[in-house]
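One structure is given below, encoded as structure tokens.
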Amino acid sequence: WAQDCQVANIQVMQNFNKTMYAGTWYAVGKKDPDGLFLLDNIVATFSIGEDGKMTATAKGRVIILDNWEMCAEMFGTFEETPEPAKFKMKYWGAASYLQSGNDNHWVIDTDYDNYAIHYSCRVVDTDGTCLDSYSLIFSRHPTGLRAEDQPTVTQKKLELCLLGKYRRVPHTGEM
Ligand code: ODT
């Protein structure tokens, strides 16, 4: 099965269960979008409200105004779509000078207990491929992925046409 890199053909997590997805995830890998924002020490915590809606907070080190380094505190709300693993994420920062926006938020694959692969295409090109995407590899463990999850994650990076485009996201514990 060869990936055709069409955004419309990207397979997402089947029977996605947001309750099992809730809780804390540590980003261990990231493919950056144009205009990179979150650098490292990225931790996201998802919650399901009494209304059944998913929200999240994220923290991470950012550099704004070219050289000002700080810990960003971000918030997101998730709008559901007919496909359970595909959300629209509205996000903003605790401070007004942080990024805000509305991105796709797709869960490509997860076992809920160890790893999750997130993907967002911001701009679809005229040929149907993605012109500006970002993707996070999440682990439940700040130390990284378990060895047995790595082949699955590599396969999904390949299917996203992003193999080789990720960098490691360090957790230095200094935030
Ligand atoms: O780092 C970038 O360049 C793009 C980051 C987009 C902003 C993320 C805002 C986070 C909002 C609240 C948390 C949600 C969790 C999201 C999980 C994955 C996407 C970052």
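A short reminder: the numbers here are calculations on the coordinates, not readings from a lab. In this text the structure is predicted, and so the values were computed from the model without any measurement. We place every Cβ from the backbone using ideal geometry, glycine too, and count neighbours over all the protein chains shown.
Here is the list for region 27-108: GluC sites (Glu not before Pro) lying in DSSP coil, each with at most 16 other C-beta atoms within 10 angstrom of its C-beta, are E50. In a DSSP loop and with at most 16 other Cβ atoms within 10 Å, the chymotrypsin sites (Phe, Trp or Tyr not before Pro) in region 1-98 are W1, Y97.
Each residue of region 62-72 was assigned a 3J(HN,Hα) from its phi angle through the Karplus expression (A = 6.51, B = -1.76, C = 1.60, θ = phi - 60°), giving 10, 10, 10, 6, 6, 9, 9, 9, 7, 8, 8 Hz with x at Gly and Pro. Within region 90-133, the percentage of alpha carbon pairs spaced more than 17 angstrom apart rounds to 53%.
Working from the Cα coordinates of the chain, the gyration tensor eigenvalues give, after taking √(5λ), semi-axes of 23, 19, 18 Å in decreasing order.
With contributions of -39500 (n - 2.57) from each DSSP H run of at least four residues, the per-residue ellipticity at 222 nm computed over the chain stands at -2000 deg cm²/dmol.
Label-to-label distance for I63 and A95 is 1.6 nm, based on points extended 7 Å past Cα in the beta-carbon direction. Once the convex hull of all Cα atoms in region 77-175 is built, its volume per residue stands at 142 Å³. The label-point distance for K165 and E80, in a model that sets each label 7 Å from Cα toward Cβ, rounds to 3.0 nm. Taking the Cα centre of the chain as origin and assigning +1 to Lys and Arg Cβ atoms and -1 to Asp and Glu Cβ atoms, the resulting dipole is close to 240 debye. Within the chain, C71 have no other Cys Cβ under 4.7 Å of their Cβ and so lack a disulfide-compatible partner by this rule. For region 1-83, the average shadow cast by the Cα convex hull is 7.7 nm², which is a quarter of the hull's surface.
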